[in-house]
Amino acid sequence: MNRITYTVAKKPRQFWGCISGAGGPQARLTRPPSLQERCVAALARVERTDFLSPLCIGEVVHASAEITYTSKHSVEVQVNVTSENILTGVTKLTNKATLWYVPLSLEDVDRVLEVPPVVYSRQEQEQEGRKRYEAQKLERMETKWRNGDIVQPVLNPEPNTVSYSQSSLIHLVGPSDCTLHGFVHGGVTMKLMDDVAGIVATRHCKTNVVTASVDAINFHDKIKKGFIITISGRMTFTSNKSMEIEVLVDANPVLTNTPKRYRAASAFFTYVSLSQEGRSLPVPQLVPETEDEKKRFEEGKGRYLQMKAKRQGKAEPQP
């Protein structure tokens, strides 16, 4: 297995969230597959990530990445992030993430290259990796039917409705957003998505909010320098103390002769409401109005109950 480590001191405004390196440091961490043809590793998917512990200014962050599975055209990278208080020496796990990359040819970025297989120390590792690959592949296919959804503005919406808190952000992709090859870093897209989700959560609660977890982020297509992207967020479900927000990213190649808007990425973010003392607060209950909103609410409820059952299962002591 290929393992890489990366250490950075946390400074104000220079380190985002807890998904260390997903398009930020991670884009430089990932070793490109040893292919004969030159390629660039494109971020295709980030699995569900729970923010286990906050990062504080002045702490040192240790990020390690390891290739844990390869399919014919993709690479699974497991990332562990820990933080260290340099005054006390205390270390803590902040989050673990699984990222999927695909190698694209530099001669033709629309062509996906084959990945050399890795050598596994145990046969079970390959079998487990194949199961993870098939599961994420199925989930990616299931998200495609939603790619036609567009968040439409509504005049004078009622409080606690989907329309009341939905928000959009328009961003012109510049050179600082991109890799050396002119494509947007995955981490840049993820930060913009988190920003919009945070605005939706704040509008709904009117309190301090924080990201609790991010469901799988699917990158459906590449975004190039000079494109205009629209990041839209809408509330889909609320429990007593959490909110699920769907975020959609649409790209518009306005500088081409045949501009066509397309869905570039999508994900679900979970936020919680906090008091000024940092304690969890009850969340105002969402009021779905249309049939589509009610359907999305029930789907969100299903995801919430599924994750709740999974967490309770892990918490139960093993016999």
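The values are calculated or read from the model by the stated rules, or taken from the named source; none is laboratory data. Remember, it's a predicted structure, so these values are computed and weren't measured experimentally. Neighbour counts are summed over all protein chains in view; Cβ atoms, including those assigned to glycine, are modelled from backbone coordinates with ideal geometry. In case anyone asks, the SASA skips ligands and DNA or RNA and just uses the protein heavy atoms, side chains included. Shrake-Rupley method; radii C 1.70, N 1.55, O 1.52, S 1.80 Å.
Okay, here's what the table says:
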quantity	calculated
Carbon plus sulfur fraction of accessible area for the range 38-140, probe 1.4 Å, in percent	52 percent
Residue-normalised accessible area of the range 162-312, given per residue in Å² at a 1.4 Å probe	47 Å²
For PHE268, solvent-accessible area (1.4 Å; no DNA, RNA or ligand), Å²	30 Å²
Long pairs among LYS191/LYS241; LYS137/LYS222; LYS137/LYS191; LYS222/LYS301; LYS92/LYS308; LYS72/LYS301, criterion Cα-Cα beyond 29 Å	LYS222/LYS301; LYS72/LYS301
Dipole of the range 162-312, positive direction: furthest Cα of THR238, SER266, GLY186, with charges on the beta-carbon	GLY186
Ranked by how many other beta carbons lie within 10 Å on average, peptides 271-284, 158-171 from highest	158-171, 271-284
Whether the range 45-119 is rounded, prolate or oblate, judged on the alpha carbon gyration tensor where a/c under 1.5 counts as rounded	prolate
Peptides ranked, highest mean first, by Cβ atoms within 10 Å: ranges 115-124, 102-111, 192-201	192-201, 102-111, 115-124
Mean Cβ count within 10 Å, highest first, over the residues of peptides 37-47, 300-310, 242-252	242-252, 37-47, 300-310
Aspartates and glutamates with Cα under 14 Å of LYS96, excluding same-chain neighbours fewer than 8 positions away	GLU47, ASP50, GLU66, GLU76, ASP215
